[in-house]
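Below: the structure, in structure tokens.
Read-outs throughout are calculated quantities, based only on the coordinates presented, and are distinct from any laboratory measurement. Everything numeric here is computed off the predicted structure, so don't read it as measured data. Cβ placement follows ideal geometry from the backbone for every residue including glycine, while neighbour counts extend to all protein chains displayed.
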Amino acid sequence: MVRALLLGAAALLLVAALLYNEFTLAPIARETFAPLTREKIRGVQLGFASAGLLLLAVSEVVRRSSRLTRRLSGRVAEVVLLLLAGLLPLAVLDFGLRPFVVPKTTLFVEDPELGWRMKPNAEGEWGEVRVATNAHGFRGPDLAHAKPPGVVRVLFLGDSVTFGYGIERTEDVFPFRAGREWASTLGVEVEIVDAAIGGYSPWQERILLEREGLRYAPDLLVVGFVLNDVTEKLTLVRFGGSERGWQLAQTAQGALDRWLSASALATWLREGFSVLRFGSDVRLGAVAEETRAVRQMSEEMEQVIEAAWSITLENLAGILDTASARRIPALIVVFPYAFQLDGDPAHQTAQRRLERFAAERGTPLLDLLPDFLRDEDPSRLMLDASHLSVEGHALVGTLIAEYALERGLLGTVAR
């Protein structure tokens, strides 16, 4: 009896390994699999096949040992039957769902002032890549607050774009690319503080600058601005919304949440309502909904809540005033959304408003959209609707480095 159960379970796993592939799954998932997903699918195939072969080996051991066979009878056989009948299908389903479920991260924690921040000295998955934070909860090398003599420091503020969402290697993220170009051109050591946090807007960046950023004594402040900085905060409780923030919602809270997040089946069931709202890929669905809000802002500026712009520009002005009071040059960098790559002027009203704001203050502003439009294939520069690809980070790093040098923002260092 036990051997028959083992053989049946082995057959189930081997058949699952044979049938589980991107070709048979494509009609069910109704999507074209990305390379990372295809790689995960092959990993599941290998897992099924390995488990099936292992059960075959165990069944052969049982067959050859008559004494063991006699012991594995009666009530023991019933227990094995229950386990195989109840747990094996669930285990197969859980394992099979893993390529299609993004587990919760453990990288974010709640913050009473900022809403959320990243854990110090943490490592986890975010944007389907493994990322790590330093002792201050930022991406990049662990730098002491005290700046060594002769070293140039540049502080970057921003959201997930400046953080490098979806980019696995820290050295590929544009702040660090710009840092290498500055070091090569100026002939000095340049340290980069990438204090960007996913989901941040100017109101959070202003607090972070005053609370932590100024302690690094930066020689230049670069503020990354993404168009959702205007609208995203309206979903938060403190601005009249109902959410604590996407980052906290995607972070496992407590041991039970972490345990459930480790199960693809539990995550799939828990995200049922999100799937109904956003589609099979919850993250991309949320990005698409956010893009619609940004597109409306860009095309129909008069219909956007002016209070949102007022809050945004007030906090952006506060960041610039804080830097100016300490004689720190500042640069605003405006990132495009993918829908703006059609070149339609109607999609660029937000950039024009920011340009007027910067001109009135005499603050340098680098609008990246024109440079993206000059590329032969602008779509290659985007990872999704708002985040940069590795190629996009490479271009942006060069553009920022050149712009800052041309405008003399690090001129005192160059001399």
Q: For segment 199-208, take each phi angle, set θ = phi - 60°, evaluate the Karplus expression 6.51 cos²θ - 1.76 cosθ + 1.60, and give the result in whole Hz per residue in order, putting x for glycine and proline.
A: x, 6, 10, x, 5, 6, 5, 5, 5, 5
Q) Amide H neighbours of Leu366 under 5 Å, counting only residues 5+ apart in sequence or on other chains, H built in-plane at 1.01 Å? A) Ile332, Val333, Val334
Q: Could you please state, rounded to a whole Å, how far the C-alpha centre of segment 143-209 is from the C-alpha centre of segment 360-385?
A: 19
Q | Equivalent ellipsoid, segment 159-236 (semi-axes from 5 times Cα gyration tensor eigenvalues, Å) | A | 25, 16, 9
Q | Net lengthening on full extension, Val15/Asp142 (0.36 nm per residue, minus Cα-Cα) | A | 40.8 nm
Q: Give me His145, His136 ranked fewest to most by other Cβ atoms within 10 Å of their Cβ, as a rough exposure proxy.
A: His145, His136
